[in-house]
Amino acid sequence: MAAKQNASILGEAKPSKAIIKLALPATLALLAKAVYNIVDTAYIGMLKDDIALTAVGVTVPLLLIMVSIENIFAAGAAVLAGRQLGAKDEDGASRTVTTIIGLSIVIGAILCVGGIVFIEPLMRAFGASEASLPLAKDYAFWMFVAALANLPAQSMNCAARAESSVKISSIAVITGALLNVVLDPVFMFDWGLGMGVEGASLATTVSQFVTFFILAWFYLSGRSVIKLRLRSFHPSWKLIKTVTVIGIPTAVIQICLSVASSLTNIAAAPLPDADNIIAAYGVVQRLILIGCYVVMGFMQGYQPVASYAFGAKQEDRFHQSVRFALKGSAGPDGAGSCRLYPAVPSPDPAV
């Protein structure tokens, strides 16, 4: 029943309505993810320690790099799985998602171990001073641990939207965000565990693992259209290349923001009030991410609809999805003649 309803949304509903229906929960989920960053910053500000805010600001480039790596695999797998679902190849979609989630777990483990081993040179490279380095290391440590859950969770999250199972996607991310709001003060302040900056990062990590377990339960319980099965894990160079090529454009914006943040921190380091500058810039960067997440949420609503139409060879529906997405993200001007397939000349000269 759920499979038929999901197929109806992706293949039969008007493209604009389908995109909006999928984009709203995707945007809410991403904004909930932004709450992690904003809540951490707000609570850390209550510590009344400028160095603490500086330490968190230093980790912004690291955060953006982690998000970009997540998106390469998650967005790529979602688009490819959407095409396969449109072509009625549910087994192929299950192989794609199972394999990418398995590889995400492996890559998450590599990032976790590598990040912890090289944590000090990484923090210095991102602009940490001698004063902010200890707290930056404390905060970044749990960010690296969170990679174990974040990478596979993001892949499952995008796969859920690819099959239009947006309800579980929203529930998982929003639950994690609300839990983070509750756990932050408990872990940080003296009336709780009194862990300070490290407590904020640990609370976020615990919340992100909860999100991972909710999504894993959804897939392993058999409620999803795309099935996670051990026998469906078939890594191949062709699959990895296809997913990576699709996913890299989605990750470019985070990579560019990360480079810009790193260069700004490095440029600020020699200045007399460097720690305060980096702290202020880190706060602003986290607020800017809210706008980025709104655009990303809209596009994540568009991707499953367009991918399904592409796989089902519904050319008109595919072009309608592209035009609506361009109008929604960039305004009506300039979107009218965009085609990713060669345009077919109209027999009517007036058209």
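Structure summary
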| read-out | value |
| --- | --- |
| Farthest toward positive dipole pole in the chain [+1 Lys/Arg, -1 Asp/Glu at C-beta], among GLY92, VAL35, VAL181 | GLY92 |
| Degrees between helix 90-117 axis and first principal axis of the chain (Cα, 0 to 90, nearest 10) | 10 degrees |
| Projected label distance in nm at LEU24 and SER221, using a 7 Å step from Cα toward the beta-carbon | 2.3 nm |
| Residue among ASP275, ASP190, ASP138 with the largest mean-square fluctuation in a Gaussian network model of the chain, springs linking Cα atoms under 10 Å | ASP190 |
| Under 11 Å from the VAL106 label point (7 Å along Cα→beta-carbon), backbone N, the range 234-248 | 234-237, 240 |
| Neighbourhood net charge (14 Å Cβ-Cβ; Lys/Arg +1, Asp/Glu -1) for ALA140 | -2 |
| Between 0 and 90°, nearest 10: helix 60-86 axis offset from the chain longest Cα axis | 20 degrees |
| Efficiency of FRET from Cβ geometry, LEU230 and LYS14, R₀ 25 Å, rounded to 0.05 | 0.05 |
| DSSP-assigned coil residues among chymotrypsin sites (Phe, Trp or Tyr not before Pro) in the range 183-212, each with at most 14 further Cβ atoms within 10 Å | TRP191 |
| Between helix 274-311 and the chain: long-axis angle, C-alpha atoms, 0 to 90°, nearest 10 | 20 degrees |
| Sparse-neighbour loop sites [trypsin sites (Lys or Arg not before Pro); the range 132-218; at most 10 other C-beta within 10 Å; DSSP] | none |
| Amide N proximity, the range 204-244 versus THR175 label position 7 Å along Cα-to-Cβ, cut-off under 17 Å | 204-224 |
| Cα-only Debye scattering, the range 186-291: base-10 log of I(q)/I(0) at q = 0.13, 0.14, 0.17, 0.22 Å⁻¹ | -0.90, -0.98, -1.11, -1.18 |
| Mean Cβ neighbour count within 10 Å, used as a protection proxy, ranking 289-302, 60-73 highest first | 60-73, 289-302 |
| Accessible carbon and sulfur surface of the range 202-325 relative to its total accessible area, %, 1.4 Å | 73 percent |
| 1.4 Å probe accessible area per residue over the chain, in Å² | 45 Å² |
| log10 of Debye I(q)/I(0), alpha-carbon scatterers only, for the chain at 0.08, 0.11, 0.12, 0.14 Å⁻¹ | -0.41, -0.74, -0.86, -1.10 |
| Reachable lysines, given that their alpha-carbon falls under 24 Å from the alpha-carbon of LYS21 and they are not under 8 places away in the same chain | LYS4, LYS33, LYS88, LYS167, LYS227, LYS313, LYS327 |
| Pairwise FRET efficiency - ILE116 versus VAL295, Cβ, R0 = 35 Å, nearest 0.05 | 0.60 |
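The values are calculated or read from the model by the stated rules, or taken from the named source; none is laboratory data. A quick note: this is a predicted structure, and the numbers were derived from the prediction, not measured. Cβ atoms come from the backbone with ideal geometry, glycine included; neighbour counts cover every protein chain shown. The accessibility values were calculated without ligands, DNA or RNA, using every heavy atom of the protein model including side chains. Shrake-Rupley method; radii C 1.70, N 1.55, O 1.52, S 1.80 Å.
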